[in-house]
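Every number in this text was worked out from the coordinates using simple rules, so none of it is lab data. Predicted model, so just to flag it, every value in this text is computed and none were measured. Every residue, glycine among them, receives a Cβ derived from its backbone with ideal geometry; neighbour counts consider all protein chains shown.
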Amino acid sequence: MKPFTFRLHTAGRRFYFLCYTLAFLLLSAAVFSPFILSGKSFIWKPDGLTQHFTSLVYFRNWAVSIVRTLLTEHRLSIPLWDFSIGYGSDILTTLHYYVIGDPLNLLSLLTPVRFLEGLYAFLVLLRLYLAGAAFSCYCFRMKREGMAAFAGSLIYTFCGYGIALAPVHPYFINPMIYLPLLLIGVERVLHKEKGNLLIAVTALASLSNFYFFYMLAILTVIYFILRFCTMEHENWKKDLGSSLGRTLFFSLTGTALSAVLLLPMLLQFLSDSRSDTSLTYSPLYRPDYYEHILDQFLSLSYSSSWTNLCFAAPALLCVFLLFLKKKRLKALKAGFLILTAMLLLPAAGSFLNGFSYPANRWCFGYSFLIAFITAYLWPELFSLSKKEAFCLAFLLLVYGALLFLLPNIGSVQAFFALFLLLLTLFFLTALSPYVKKHPRGAKLCLFLLISINICANSLFYYRNNVESHLSRFVDRGEGFAVLEHSASGMVSLFLKDPSEFCRYAQDIVPLRNDTLIQKANSIHYYWSLSNGAVTRFFNELALPFEERSFKYDSLDNRAQLHALAGVRWYIQYDPNKYLPYPFDGLNVYDYQGDLYYVSETSDYLPFGYTCSNLIPRETYNALTYLERQQALLQGVVCETLPDGAKAPALTFQDQPLPASITCGSDICEENGTYYCMKEGAQLTISFESVPGCETYLLLEGMEAHSLSQLDLYTLDAAAPYFEEELASLTARELRQKKKDHRNTPNISRFPITCTSEALETTFCYYNQLTESSYDRSDFLLNMGCTQESQHTITITFPYRGAYTFQGISIHSLPLDSLTQQIAALSQEHLENVTFTDNQITGAITLSGPSILCLSIPYSKGWTAQVDETPAPLLQSNTMYLSLPLEAGTHTIRLHYTTPGLKPGLLITALALTLWLLYLLPDKTIHPRLRKPKKALASQQTNLK
């Protein structure tokens with residue numbers, strides 16, 4: 001009987017994809033059965049709800065409004081700016097990373113809002129399905145038989161990267177779709193065929209997500225080099241010039257096609273808050289990373305630096321078999337060695353993460369390689385020689401021995417996978433007569449083992465994480481209800497005049513980005529790309545970030561900064577908690593069964609206020625943090641001053657308070673460094689604050705490093721603390737301490753909690769050892785404004801370690817002049833303000849030359865007209881916009897266009913024209929670029 005294979009003609013491929021579809025549906029049901037059984041959706045609360053699902057709902061409404069306007073009003077109006085994104089942000093550049101540009105999300109236009117959660121889940125599965133389908137197409141291109149492609153596609157689709165990340169970050173699966181298609185495009189170019197596929201897929205990949213497009217580009221370059229160098233050539237130099245030139249031409253054409261989105265994204269990325277963050281990291285990962293790498297290949301029990309591997313049997317067998325094939329498959333061997341080395345080096349993880357912190361989100365590329373190695377060597381598994389079988393058995397036993405002997409390394413999941421691998425090898429060797437006589441049945445049995453392994457990988461993963469992982473997903477059918485059931489939804493209950501522009505703040509933010517759906521204006525933000533001007537504003541005032549520089553919830557409840565941002569309302573979930581000054585008049589609102597407590601203030605600035613005092617940037621930079629904060633209500637900080645402008649005389653009311661520091665029993669101090677012996681150690685600062693003033697805690701020059709218990713044993717300052725404990729340790733216990741020391745993670749994020757008699761606040765400090773979301777060592781914290789004196793502030797440290805401060809001080813800031821300052825700045829303000837798509841209009845009457853300060857975050861996309869005449873906009877107060885005006889009555893018109901959108905659109909149009917010319921008949925133009933040539937005999941798709 002002939003070996004059973006799927007034929008590659010049209011009917012055979014239809015049958016193949018029918019089998020693949022059925023297998024995918026069955027395996028998906030098994031792999032994600034924990035979600036089904038626990039009644040959970042695919043919406044992950046931390047990022048899925050606040051970012052991925054929210055952006056999908058917003059995108060659907062946004063796109064539908066564009067289409068509706070086009071059909072009903074016969075005009076194309078694309079909203080590009082939305083004040084409900086943080087303080088206000090660009091729609092395209094903020095949401096492109098999540099939703100805009102991905103063609104699959106266009107299905108949302110055909111989906112009613114109430115069914116979007118179902119569409120969201122469907123798209124998660126569809127992306128995985130398309131990833132396997134694209135991999136199958138690559139295998140067909142490389143002349144792999146159907147069964148081999150089938151096995152590889154299942155291993156690729158349900159690798160650890162897919163299982164772990166598809167429900168959490170659905171858009172992380174998109175590069176799994178594009179990578180095989182890009183490589184098919186490269187193969188076509190290498191074999192002198194047309195480049196339409198490479199152009200189209202490059203455009204799609206760069207439109208979908210610029211971040212993963214960067215990784216895809218690097219992986220494609222590596223592939224091109226390996227393939228070209230391992231192919232035979234009659235004229236090496238000529239083939240190199242031709243292949244490289246055509247590949248660059250087609251790739252750049254595809255990239256240019258996406259310029260309408262890609263160029264704005266690149267400009268936004270360059271101004272992002274993280275683009276200039278200084279970063280250092282160790283040349284090697286922690287020891288436990290390397291110890292667990294063997295386990296990671298077979299399981300999901302351990303993950304670090306976004307390294308998700310976990311491949312089903314017989315992937316490991318095929319990797320071993322690859323290196324048993326002497327003088328063959330050089331491209332696959334080189335690819336495996338290069339990508340494995342990249343997995344082991346933080347520098348490679350940083351490079352593929354845009355020179356940021358080391359992160360192996362490119363593991364989809366490694367998974368592709370392992371899956372294709374399996375597909376390529378699949379036929380040879382069924383014809384193993386005795387020598388190969390012996391070597392494979394020996395390597396598996398050595399692998400298992402390492403998992404067993406290395407302490408705390410081998411997981412149950414890995415040993416189960418190893419058992420399946422040994423069972424597979426036994427089946428292929430001991431039952432070789434049956435395998436040769438019944439190849440179809442043998443291959444189906446191997447598919448069964450692969451399926452069992454895939455299901456086991458998922459069940460082990462979710463079993464180990466059932467409490468901490470599945471509990472973090474939204475209940476099925478509740479996704480949209482959760483978005484509606486939020487503080488932003490009840491703003492309409494107290495918003496008296498919807499046309500008036502005001503913002504609100506909250507004591508806690510249980511659901512970030514909820515303002516997008518409700519079209520409310522707040523001051524919290526959580527998207528991957530953020531406005532660098534806002535981050536700079538936070539840094540200049542030492543405002544604490546709760547977690548990251550692109551994730552902020554408040555202005556530290558500082559009265560002056562609330563006024564500057566136009567914050568009128570303050571929402572609380574508990575009326576007994578601290579209410580910031582100057583909010584008062586507690587009102588209770590019942591919204592969807594929950595009680596919200598809303599306070600209001602009249603001390604806030606309008607959307608456009610005026611000021612005639614200009615503060616030079618040099619003067620502002622020379623001030624202390626609290627002086628800068630006070631200066632913002634006494635003048636306008638300008639990057640460049642107009643001719644003849646004079647700086648005002650600034651007055652400051654803050655004053656330092658005498659304070660003493662007391663260490664807790666679990667802290668010892670030496671030369672300004674506080675050594676914490678255990679988690680939760682506390683430092684107490686004693687002082688007496690001034691009643692009716694804001695009390696601030698200033699931490700300067702902070703540094704923090706985690707320490708193991710063994711580290712603390714060796715410190716002279718900590719010796720008395722551990723003297724008795726150290727003397728009682730046995731030799732075995734001491735060896736265990738040394739082992740724990742070696743595997744102690746080097747913590748980079750330190751959430752520090754500060755508690756006063758009025759409130760409790762938490763900020764995060766990041767050191768520069770591994771990851772740094774922002775580089776900051778000074779923190780100024782508002783510890784409350786009370787009518788009675790405060791006396792203590794307690795600092796709670798999260799981990800054992802060394803904490804150093806160049807200075808710890810307490811400051812008092814009177815607020816007596818706040819109301820008067822707000823009234824003066826609001827006297828002449830922008831009136832009759834109207835907001836339409838990408839446009840703001842208003843009118844103002846001035847008694848003299850002044851600066852119109854606008855509550856719009858700085859962006860080069862804004863332009864202004866004063867009395868129908870173009871006028872320059874200035875960056876003022878670091879994060880806002882302003883407009884110089886002369887005395888008199890003026891009409892103001894502000895217009896917004898995404899920076900880079902128009903030139904990007906022009907580049908896209910030119911690239912599209914070029915592509916259309918390329919598609920013309922061969923005799924028309926540039927035949928050398930288009931004319932397909934017959935592939936040389938030495939350039940077949942088989943790897944050498």
| task | Grab the beta carbon distance between L110 and F494, set R0 = 56 Å, and tell me the FRET efficiency rounded to 0.05. | result | 0.95
| query | Taking neighbour Cβ counts within 10 Å as the exposure measure, how do S38, S488, S84 sort from fewest upward? | reply | S38, S84, S488
| said: Students often get this wrong: which residues of the range 654-675 have the backbone nitrogen under 13 Å from the point 7 angstrom along Cα-to-C-beta of D716? | reply: 670-671
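Any idea what the alpha-carbon Rg over 2.2 N^0.38 Å comes to for the range 229-378? Could you put the intermediate results ahead of the total?
Working: Rg = 19.1 Å, N = 150, 2.2 N^0.38 = 14.8 Å.
So the Cα radius of gyration is 1.29 times the expected 2.2 N^0.38 Å.
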| query | Of E600, E868, E187, how do they rank once you tally other Cβ atoms within 10 Å and put the fewest first? | reply | E868, E600, E187
| Listing E117, E639, E618 from the residue with the fewest other Cβ atoms within 10 Å to the one with the most, what is the order? | E618, E639, E117
| Of K387/K436; K386/K436; K143/K326; K327/K387, which pairs sit farther than 20 Å apart, going by alpha carbon to alpha carbon? | K143/K326
| task | List the DSSP H helices in the chain whose Cα atoms stretch 20 Å or more along the helix axis and whose mean Kyte-Doolittle hydropathy is at least 1.0. | result | 10-31, 116-141, 174-190, 210-229, 330-344, 363-381, 386-405, 412-430, 901-919
| query | Computed FRET efficiency, Cβ-Cβ of S665 and N576, R0 22 Å: what is it to the nearest 0.05? | reply | 0.10
| Structure-based [θ]222 nm, the chain - -39500 (n - 2.57) summed over DSSP H runs of at least 4, per residue, nearest 500 | -13500 deg cm²/dmol
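So how many Å³ per residue does the convex hull of the Cα atoms of the range 516-666 work out to? It would help to have the intermediate numbers written out before the result.
Numbers: hull volume 31.1 nm³, N = 151.
That works out to 206 Å³ per residue.
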| task | Compute the signed sum of charges (Lys and Arg +1, Asp and Glu -1) over the other residues within less than 15 Å, Cβ to Cβ, of S850. | result | -2
| Kirkwood-based shape ratio for the range 580-680, expressed as Rg/Rh from alpha carbons | 1.18
